[in-house]
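Asker: A single structure is presented below for examination.
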Amino acid sequence: MTPFQKIEIINMKKSGIISQELAVTTESPLTICINNVLFDQIMRTPDDEKALVTGILFCSGLISSPDEIKSFAMTASKQGETVNVHIQKNQTGISNNKDIHLEKQLTKLSLPDILYCINALPGYQPIRAITRATHAAILFNSSCHAIAAKEDVGRHNALDKVIGQAFMDNTLDKAYILVLSSRVSHELITKVIKTPVKCIFSVSRPTSLAVDIARKHDISMVCLSKYDGVLVFSGVNRFDMSVPEKVTPSLASVS
């Protein structure tokens, strides 16, 4: 199954009405089974299923290291696709990432750093470039170098995928910045607090509960301003507050 498909639509213009093909993002069901037992049924954009499921398992606290996934199998039927993953907890190991070494942030992030990370979004959204209908999540280290990036029709799925990918690549311990194409709500930040991420940069404003959680867990939360620059909701101590002489224009914001 492909992440997007073409359908016939009617395009109504002032100059006339035409029929044309248009690419739309695929949204299809995925059934997740753990050790042959039904765990969840979700809607998602096909592709990166292993990263998606791994991220879900990690954020749910069901696995704490990649080698606890013993097998991963997908089957397809008329009702949709099913993933059956076999896991086995290690006797020793880390739990929910609490003991993962956090990469130290030696210098404070500047406004150009923040905008650089947010402006990277279009380059990691090939599906959105075609369909204009996906969200994206990117993980950066403390030097603003991308670790992993994923997209999906669901903003929570995009986050699960990027966490799962970094977790499988053994690079999650380097994650310091998360960039989201969407707003930040409580279900997203509750996943983030299980990772080493300390900064969240988003295009849209967070919810009140997300801000409360960010402040409680000492996570810096920033979104684009509708007019100029960015809005800092928490964790201002991680940023260089001096005003730069020149700043790269940011993406159009809906904040």
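Just so you know, all these numbers are worked out from the coordinates, no wet-lab data involved. What you see is a predicted model, and the numbers here were worked out from it, not measured in a lab. FYI the Cβ positions are ideal-geometry reconstructions off the backbone, even for glycines, and counts take in every protein chain you see.
Asker: For a quick check: with amide H placed at 1.01 Å from N, whose amide H comes under 5 Å from residue 183's, ignoring anything fewer than 5 positions away on the same chain?
Answerer: 204
Asker: Please report, in Å, the Rg and the Dmax of the range 152-226, where both are computed over Cα atoms only.
Answerer: 11.7, 37
Asker: Over the Cα atoms of the chain, each weighted equally, I'd like the Debye log10 I(q)/I(0) at q = 0.07, 0.08, 0.11 Å⁻¹, rounded to two decimals.
Answerer: Values returned for q = 0.07, 0.08, 0.11 Å⁻¹ are -0.27, -0.35, -0.63.
Asker: Now for a different question. Choose one of 53, 71, 242: the residue whose Cα lies farthest towards the positive end of the charge dipole of the chain (beta-carbon charges +1 Lys, Arg; -1 Asp, Glu; about the Cα centre).
Answerer: With unit charges placed on the Cβ atoms, the residue in question is 242.
Asker: To the nearest 0.05, what FRET efficiency results for residue 231 and residue 171 with a Förster distance of 30 Å applied to their C-beta separation? Write down the numbers at each step before the final one.
Answerer: Working: r = 29 Å, r/R0 = 0.97.
Efficiency at R0 = 30 Å is approximately 0.55.
Asker: Shifting gears a bit: Sequence neighbours fewer than 8 away in the same chain don't count; with that in mind, list the lysines whose C-alpha is under 28 Å from residue 198.
Answerer: 50, 89, 98, 104, 108, 150, 161, 174, 216, 226, 246
Asker: Send over the per residue convex hull volume for the range 111-238, Cα only, as a whole number of Å³. All intermediate terms of the calculation are to be shown ahead of the outcome.
Answerer: Details: hull volume 12.4 nm³, N = 128.
Given the Cα convex hull of the range 111-238, per-residue volume reads 97 Å³.
Asker: Another question about this same structure. Residue by residue through the range 79-86, which ³J(HN,Hα) values in whole Hz follow from phi under the Karplus form 6.51 cos²θ - 1.76 cosθ + 1.60 (θ = phi - 60°), with glycine and proline marked x?
Answerer: 7, x, 9, 10, 10, 10, 10, 9
Asker: Which whole-percent values make up P(r) of the range 1-74 when all C-alpha to C-alpha distances are grouped in 5 Å steps starting at zero?
Answerer: 3, 12, 20, 17, 11, 9, 7, 6, 6, 5, 3, 2
Asker: Which whole-Hz couplings ³J(HN,Hα) result when phi for each residue of the range 197-206 is put into the Karplus expression 6.51 cos²θ - 1.76 cosθ + 1.60, θ = phi - 60°, listed in order with x for Gly and Pro?
Answerer: Running phi through 6.51 cos²θ - 1.76 cosθ + 1.60 with θ = phi - 60° gives 4, 10, 10, 10, 10, 10, 7, 9, 5, x Hz.
Asker: Given the options 137, 175, 23, state which has the largest fluctuation in a GNM of the chain using a 10 Å cut-off (strictly under) for Cα springs.
Answerer: Answer for the Gaussian network model of the chain: 23.
Asker: Have a look at 219, 130, 163 and tell me which one the Gaussian network model of the chain (Cα, springs below 10 Å) gives the largest fluctuation.
Answerer: 130
Asker: Can I ask one more? Between residue 215 and residue 242, what FRET efficiency comes out of the Förster formula 1/(1 + (r/R0)^6) with R0 = 35 Å and r the beta carbon distance, rounded to 0.05?
Answerer: Details: r = 24 Å, r/R0 = 0.67.
Efficiency for this residue pair is about 0.90.
Asker: Output the antiparallel fraction of DSSP beta bridges having both residues in the chain, as a percent to the nearest 5. Walk me through the intermediate numbers first.
Answerer: Details: 39 of 53 bridges.
Around 75 percent antiparallel, to the nearest 5.
Asker: Going by average Cβ neighbours within 10 Å, how do the peptides 1-8, 234-241 rank, with the highest at the top?
Answerer: Values: 1-8: 13.2, 234-241: 15.2.
In descending order of packing, they fall as 234-241, 1-8.
Asker: Mind putting a number on the dipole of the chain about its Cα centre? Charges go on the C-beta only, +1 for Lys and Arg and -1 for Asp and Glu, and I need it in Debye to the nearest 20.
Answerer: Details: 27 positive and 24 negative charges, 104 e Å.
For the chain, the charge dipole is close to 500 debye.
Asker: Continuing with the same structure: Given 0.36 nm per residue, what is the gain on full extension from residue 37 to residue 50 after removing their alpha carbon distance, in nm? Before the final figure, lay out the partial values.
Answerer: Working: separation 13, 0.36 × 13 = 4.68 nm, distance 1.73 nm.
Taking 0.36 nm per residue and subtracting the Cα distance, the gain is 2.9 nm.
Asker: Pop out the ³J(HN,Hα) list for the range 167-174 in order, Karplus 6.51 cos²θ - 1.76 cosθ + 1.60 with θ = phi - 60°, rounded to Hz; leave Gly and Pro as x.
Answerer: Karplus-based 3J(HN,Hα) across the range 167-174 equals 5, 5, 7, 6, 10, 5, 5, 8 Hz.
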